[in-house]
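Worksheet: the structure to be examined is printed underneath.
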Amino acid sequence: MLTILQEAVLVSAGCGDPWFQHYQDLAGILDALEGFLVNLKGSAREAVAAVLLQPVLTQLLPAWLEALKAAVQAAAGSSNAVTQGVPTEHDMCLLYITGALHVLLGTGAAAAQLQEAYLSHQQQASRSLEAALRFTLQAQHVLPCSADRLCTLVRAACTIASSKPESISSSSSSSVGPAVGGPAAKQLFSLLVTCLKAAGQDANNSSGGSSSASRFDVAIFLTLAGAGTRQQLCIQVLQACKHMEGSLQLLLQGRCLSQLAGLAMLMQREWATAAELQGCSSEKASAVAVKGCMTIASQQLKDVVAALKVALGVCSASLAAADLQLPGDAAAAAKAIAHLQQQGVALQEQLQPYLSPTKQNAQPQQQQQQQQQQQQLQQQAFQGQQAEQLAQALLQFGHAICLQLPVPYWCCNPACSDVQECSELALVSSKGSRCSGCATARFCSKSCQQQSWKGQHAPVCKRIATTRKGQQQG
Ligand SMILES: [Zn+2]
Ligand SMILES: [Zn+2]
């Protein structure tokens, strides 16, 4: 039975038919596959997963990518207006694939197999995962349990990124200075950037300013749970990027920092909303729920602030690293680094008061003490206008770090969380729009380019462009 399935998967992935028919076959098989896997129990599912994981990761998803490329080209030829938000047919195909992948990745015994698949087919695996991630992000509102899927995919991505550092550095053995470690490293970088976009998406979406009165405490609760997950994702990416080359590491760290600062602000808002609700809720049941939300918000804010400290620390360390070179005029670049380092130190000092160790003695459950504890919790938590300003400053600091280092394979708009436009990998192969001033920075779209010009990319661009002109004349 298993061999038949594996063969079916391989045959469907390998068939050279035109994409349309190809898609039909693939979708049918995968639909059946996902249903089949979901219905299996325990060890049986793990056994199937172990057998099928490799073909799915290394054959099916790459095959789908080819099919999608052909479809996009065909669509471009017929100049169709793309309907946004609604999954198209080939999107549905990936839905099946991510579904199957999700089930496969979620099984414990497949871990060894998974590791093997990553190592033997690192490029395909990371390309596949990136595609799966982007799609899941795009379609998260229509996908069942998309948060779960995202987490699983991000975890898998981080495992790939940290699985075999030697293979990245060995592919760039001849590189000196700021050169980047080969296509594998770019791919992993791209994958991790997509992970970070996953971590930032909801934070950006919900910042759209909903009126607090219309918010219901369950909604707050959900946001908080999601925020907790995304904070974990950031930490994982921070861990995973340790294996990357210096400047790429710094870029990812900078994005993590911005992301976490954004989360801190989001949670502050949720906390404030809950506090407001507490003031006007008369029903006892809902008052308890609101109180619960506030406790969770406080706790999670604490976690995020701790994570912020970690991110700030690694950013500062990377900025101080001897081999870090910013592009453009050397004197101006050195000045820019020194400025960032100063900023980093200042921010660390500002963050310190919120991290003062708290004595969390196990106290008897008496009401007075509980109240005291809660008050303490509120004081120490990252709240109030000062904290919000600090979070804002941290976010800008993360952005500023990213802006200093325009690399050609990510969208240089530090606030970009777009997964519909050009992927980071496509930027690698020279798509997207390139800044004509410095010929270095790339953007996933015109709007990202415009958004991040004034006061962001402009000074760095000028610095690089001046050097280029000097070189041409000299
Ligand atoms: Zn430029
Ligand atoms: Zn962008």
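Descriptive notes on the structure:
- Pairs where the first residue, in region 308-333, is within 23 Å of Leu395 (Cβ to Cβ) and assigned to a loop (DSSP other than H, G, I, E, B) and the second is among the hydroxyl-bearing types (Ser, Thr, Tyr) and open to solvent by less than 50 Å² (accessible area, probe 1.4 Å), C-beta under 7 Å, 6+ apart: Leu324/Ser247; Leu324/Ser318
- Being more than 15 Å from ligand 1 (Cβ to nearest atom), farther than 21 Å from Leu252 by Cα and at pLDDT 75 or above is a description that does not apply to Leu395.
- From the options Leu395, Leu403, Leu425, residue that is more than 9 Å from ligand 2 (Cβ to nearest atom), open to solvent by 10 Å² or more (accessible area, probe 1.4 Å), under 16 Å from Lys454 (Cα atoms) and not β-branched (Val, Ile, Thr): Leu403
- In region 226-246, the residues that are at pLDDT below 85 and surrounded by fewer than 24 Cβ atoms within 10 Å (Cβ to Cβ): Gly226, Gly228, Thr229, Lys242, His243, Glu245, Gly246
- Qualifying positions in region 440-458 - part of a helix (DSSP H, G or I), closer than 22 Å to Ala332 by Cα, open to solvent by 10 Å² or more (accessible area, probe 1.4 Å) and near ligand 1 (Cβ under 10 Å from one of its atoms): Trp453, Ala458
- Some residue of region 410-433 being within 15 Å of ligand 1 (Cβ to nearest atom), at pLDDT 85 or above, assigned to a helix (DSSP H, G or I) and not polar (S, T, N, Q): no
The values are calculated or read from the model by the stated rules, or taken from the named source; none is laboratory data. Treat the numbers as computed from the prediction; the structure is a model and nothing was measured. Note that we place each Cβ from the backbone using ideal geometry, even for glycine, and neighbour counts take in every protein chain shown. Accessible surface is based on the protein model in full, side chains and every heavy atom, while ligands, DNA and RNA are left aside. Shrake-Rupley method; radii C 1.70, N 1.55, O 1.52, S 1.80 Å.
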